[in-house]
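The values are calculated or read from the model by the stated rules, or taken from the named source; none is laboratory data. Quantities reported herein were computed from a predicted structural model and do not represent experimental measurements. Because the Cβ atoms are built from the backbone with ideal geometry, glycine has one as well, and the counts that use them run over all protein chains shown. Quick note on the areas: whole protein, heavy atoms, side chains included, nothing else; ligands and nucleic acids left out. Shrake-Rupley method; radii C 1.70, N 1.55, O 1.52, S 1.80 Å.
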Amino acid sequence: MRYPLFLLLVIIIITSCSNRSEQAYKEKIIYSDTIQNVTLEDNTIQEYSFINDTTLLYLTGDFNGDGIKDTLYEHYFSKTLNKEVPVPHSNGDIDLADSIIGKVYDLAPISFMTCSNNKIDTLYFSNSSPLFGLYYIKNEGDLDGDGGDEISFILAWADYSTTNECYIISYKKGRWVNLYSFPTWEWAADEQIDKGGLIKKMSTNKIEVNYRTDEADQATKIVDLSKLPKDTPLKTW
């Protein structure tokens, strides 16, 4: 089924919670009533993406290791309304927070990303779970030496907590799989942007992650991806 297409083009400035105005990015924002034929006007590559009141995100990389750059586009589809909708937002008015969170529950959103390469499967995050979509997504480059870029992401839950989980995923054998995940805070993702992000590649299959400990402290540790379970299916919430 196809729906009428409407596009909203705006230029926005994305700043993090630490008020880094110099980290602004220009981005084309796309709202549509279809999950097909979404295009970008330019070739802007946004390495870091943070949730913003009216933002749908995209990410570029060589995800299947064929040497060609592809682009993933975020979508926010309401199961209740049976169409793609803008992410609800309060324009910074904290008094509207309860009603906005309630709106998310009413929409029963399906959050996912489609790829410009139709040979790469849709990346699903939620099937009607209360999400604002993605909070953070980053191309981490090829972490495990297989030729394809890995992705890290944090979901934007419709709640009042800043505690969260960061996931590292990869496209292998025709499907998205989870390589590793670790606890974090949303503000930590903001804070680490100037330091290269939450994940640092040390060598092939070895990474350093900035994580939240059981004691709610911020720390780093080395993770050997080669010693983790292989091809674990990506969880859908």
Counting only heavy atoms of the protein chains, get the accessible area per residue of segment 118-202 (1.4 Å probe) and round it to a whole Å² value. 37
Amide H contacts under 5 Å for Lys83, restricted to residues at least 5 apart in sequence or on another chain and with H modeled in the peptide plane, are Ser78
How far apart, in nm, are two points set 7 Å out from the Cα along the Cα-to-Cβ line at Ala97 and at Leu81? 2.4
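Expressed in nm to one decimal, what extension gain is obtained for the pair Lys227 and Ile68 from 0.36 nm per residue of sequence separation less their Cα-Cα distance?
Going from the current span to full extension adds 54.4 nm.
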Based on the Cα gyration tensor of segment 186-237, what are the three equivalent ellipsoid semi-axes, each the root of five times an eigenvalue, rounded to whole Å and given largest first? 21, 16, 12
Please compute the Cα-Cα pair-distance distribution of segment 94-237 with 5 Å bins starting at 0, giving whole percents from short to long. 2, 9, 18, 21, 19, 16, 10, 4, 2, 0
Carbon and sulfur atoms: what percent of the 1.4 Å accessible area of segment 140-237 do they account for? 48
What do you get for Rg/Rh over segment 91-159 if you use C-alpha atoms and the Kirkwood form of Rh? 1.10
List the residues whose amide H sits under 5 Å from the amide H of Leu143, counting only those 5 or more places along or on another chain, with H placed 1.01 Å from N in the peptide plane. Glu150
Amide H neighbours of Cys166 under 5 Å, counting only residues 5+ apart in sequence or on other chains, H built in-plane at 1.01 Å? Phe182, Thr184
Work out from phi, with θ = phi - 60° and the Karplus expression 6.51 cos²θ - 1.76 cosθ + 1.60, the ³J(HN,Hα) of each residue of segment 170-183, listed in order in whole Hz, and give x for Gly and Pro. 8, 9, 9, 6, x, 8, 7, 10, 8, 8, 6, 9, 8, x
